[in-house]
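Reading through the structure tokens given below for one structure.
The values are calculated or read from the model by the stated rules, or taken from the named source; none is laboratory data. Not measured: the values here are computed from a predicted model. Glycine gets a Cβ as well: all are built from the backbone with ideal geometry, and neighbour counts include every protein chain shown. Calculation scope for accessible area: heavy atoms of the full protein, side chains included, ligands and nucleic acids excluded. Shrake-Rupley method; radii C 1.70, N 1.55, O 1.52, S 1.80 Å.
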Amino acid sequence: MQQAAEHTPLITNDAVVLGILVLILALIFKTASSKRPFFRKFYAVVPSLLLCYLLPSLLNSLGVISGEQSGLYQMASRYLLPASLVLFTISLDLKEIWKLRHKAGLMFITGTIGILLGGPLAILIVSSFAPEIVGGEGGDAVWRGLSTIAGSWIGGGANQLAMYEVFQPNPDLFSAVIAVDVIVANIWMAVLLYGAGKSDRIDKYFKADNTAVNDLKEKVEAYRLGIMRIPTLTDTVQIVGVGLGVTGAAHFLADIIAPWVSTHAPYLEQFSLTSGFFWLVVLATSFGILLSFTQARQLEGAGASRIGSLFLYIMVATIGMQMDVTAIFSNPGLFLVGFIWIMLHMLLLLIVAKLIKAPFFFLAVGSQANVGGAASAPIVAAAFHPALAPVGVLLAIFGYAIGTYAGYISALLMQMVAP
């Protein structure tokens with residue numbers, strides 16, 4: 001996800017790094033629940049979830065730990081993320097989620113269009129005063145490198161690699177562009193997480209109708225209170241068993257399905273259907289939805305979504321440790337293109353949200369389902385309420401499906417306007 005680290009971090013043992021990350025989470029949660037005036041004022045300004053994300057990124061930037069050299073992100077995204085999706089979806093009210101489809105879908109499509117057109121417009125803007133930043137020929141043509149960002153920000157890693165194979169940017173250019181992708185996307189995610197903590201004020205400003213979102217949250221809370229019980233060890237083992245057991249089954253099937261599709265229907269690669277991670281997310285979510293129609297739904301009363309949230313917060317910390325803010329200074333021109341691109345994406349989302357009076361939740365999740373994909377869209381959705389995490393996953397899956405097509409169109413437009 002990031003440029004190779006140029007130096008060895010202070011701490012290389014992943015067991016130590018995991019201990020530090022979990023201690024950071026514990027400290028944040030302890031202080032966020034404190035009654036002391038200082039902490040109450042501090043967390044009124046800075047959402048706790050944002051700190052869970054930013055503090056590991058500071059340790060990475062200072063060279064204390066290395067997201068690039070650590071295997072923790074791989075572990076969290078492959079084990080804990082699918083398990084959390086299962087635990088969030090077993091108490092799912094599918095009928096209520098379905099009611100969100102119109103505005104959620106429209107904001108997701110708006111986000112896609114914002115990325116598709118934002119790249120070419122960013123090149124146009126930058127070329128008007130610094131054409132050398134977005135120029136180049138052959139494999140060094142900057143638009144070729146930026147095409148991989150379009151694939152990544154509309155879909156995900158598989159779509160990004162598809163764009164790399166199609167347009168063949170120079171490897172050095174690609175590594176620089178990867179840094180832009182990671183840094184800009186992570187800063188944007190931080191903005192959305194901050195906004196999630198202020199969503200009531202933003203909704204008031206937009207005069208948004210968030211009735212459907214609030215109804216879903218209230219029904220989930222009512223259901224949870226109705227089945228709430230003090231969890232026993234048996235309950236907790238069952239919850240973890242369901243989460244990790246279903247994750248294991250999803251891995252088993254993904255390892256069969258992805259290679260089979262790759263061999264027998266390679267043309268489906270354009271829909272990300274040859275990606276093991278895509279199938280892992282789809283299967284974990286699908287199994288969780290199926291379990292919501294069984295007695296497993298009762299596990300929510302013993303804290304299924306609470307344990308799912310713990311898994312997701314560890315995932316947040318490992319995403320944070322992928323970001324090295326010092327990389328901005330290595331190729332500032334390309335970062336300028338990236339920031340203009342994401343700002344155009346944001347501007348279009350704000351205009352459409354204002355016009356249709358969409359709650360900030362739809363803006364944030366519609367955007368993150370594009371820019372972040374299935375790894376981080378549920379994190380942003382869960383920042384509003386754990387019950388809303390599946391909305392982020394379902395939208396991100398659509399992103400995977402259209403990412404290669406939309407990324408390809410965006411790349412052709414960038415080629416047309418590039419100096």
*Which of the following residues is outside any loop (DSSP other than H, G, I, E, B), buried (at least 18 other Cβ atoms within 10 Å of the Cβ) and β-branched (Val, Ile, Thr): VAL240, VAL213?*
VAL213
*Sort through ALA369, ALA375, ALA381 and tell me the only one that's within 15 Å of the chain's Cα centre (by Cα) and surrounded by fewer than 24 Cβ atoms within 10 Å (Cβ to Cβ).*
ALA375
*Report, by residue number, each residue of the stretch 33-51 that is assigned to a helix (DSSP H, G or I), hydrophobic (A, V, I, L, M, F, W, C) and modelled with pLDDT under 90.*
ALA44, VAL45, LEU49, LEU50, LEU51
*Hey, does the stretch 175-182 have a residue that's surrounded by fewer than 18 Cβ atoms within 10 Å (Cβ to Cβ) and assigned to a helix (DSSP H, G or I)?*
yes
*Kindly provide the set of residues from the stretch 202-233 that are modelled with pLDDT of 80 or more and basic (Lys, Arg), ordered by number.*
LYS204, LYS207, LYS217, LYS219, ARG229
*Quick one: in the stretch 93-116, of everything that is open to solvent by 30 Å² or more (accessible area, probe 1.4 Å), touching a residue at least 60 places away in the same chain (Cβ under 8 Å) and more than 21 Å from the chain's Cα centre (by Cα), which residue is nearest to VAL337 (Cα to Cα)?*
LYS99
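Table: residues versus (1) in contact (Cβ under 8 Å) with a residue 60 or more places away in the chain; (2) small (Gly, Ala, Ser); (3) over 19 Å from ARG224 (Cβ atoms).
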| position | (1), (2), (3) |
| --- | --- |
| PHE360 | yes, no, yes |
| VAL371 | yes, no, yes |
| ALA374 | yes, yes, yes |
| PRO378 | yes, no, no |
| ALA382 | yes, yes, no |
| VAL393 | yes, no, yes |
| ILE397 | yes, no, yes |
| ILE402 | yes, no, yes |
*Residue by residue through the stretch 13-49, note down the ones that are touching a Gly at 6+ places or on another chain (Cβ under 7 Å) and crowded, with 17+ Cβ neighbours inside 10 Å.*
PRO47
*asked:* Where the second residue is among the aromatic types (Phe, Trp, Tyr) and not in a loop (DSSP other than H, G, I, E, B) and the first is closer than 14 Å to TYR408 by Cβ and lies in the stretch 256-274, which pairs have Cβ atoms under 8 Å and are six or more apart or on separate chains?
replied: GLN270/TYR405; PHE271/TYR400; SER272/PHE278; SER272/TYR400
*asked:* Cβ contacts < 8 Å: first residue touching a residue at least 12 places away in the same chain (Cβ under 8 Å), restricted to the stretch 30-43; second residue part of a helix (DSSP H, G or I) and of a type in the set (Val, Ile, Thr), any location; separation 6+ or different chain. Result?
replied: TYR43/THR31
*Any chance you could count how many residues in the stretch 201-220 are touching a residue at least 60 places away in the same chain (Cβ under 8 Å) and under 19 Å from SER91 (Cβ atoms)?*
7
_Meets criteria (farther than 21 Å from LEU216 by Cβ, open to solvent by less than 20 Å² (accessible area, probe 1.4 Å), of a type in the set (A, V, I, L, M, F, W, C) and outside any helix (DSSP H, G or I)) for MET315_ = no
*Report, by residue number, each residue of the stretch 347-361 that is open to solvent by 10 Å² or more (accessible area, probe 1.4 Å) and assigned to a helix (DSSP H, G or I).*
LEU347, LEU348, LEU350, ILE351, VAL352, LYS354, LEU355, ILE356, PHE360
*Give the residue that is nearest to ALA32 (Cα to Cα), with candidates limited to residues of the stretch 52-74 that are within 16 Å of the chain's Cα centre (by Cα) and open to solvent by 20 Å² or more (accessible area, probe 1.4 Å).*
LEU54
*Out of all the residues in the stretch 127-172, which are among the small types (Gly, Ala, Ser), open to solvent by 10 Å² or more (accessible area, probe 1.4 Å) and not in a loop (DSSP other than H, G, I, E, B)?*
SER127, GLY138, GLY139, SER152, GLY157, ALA158, ALA162
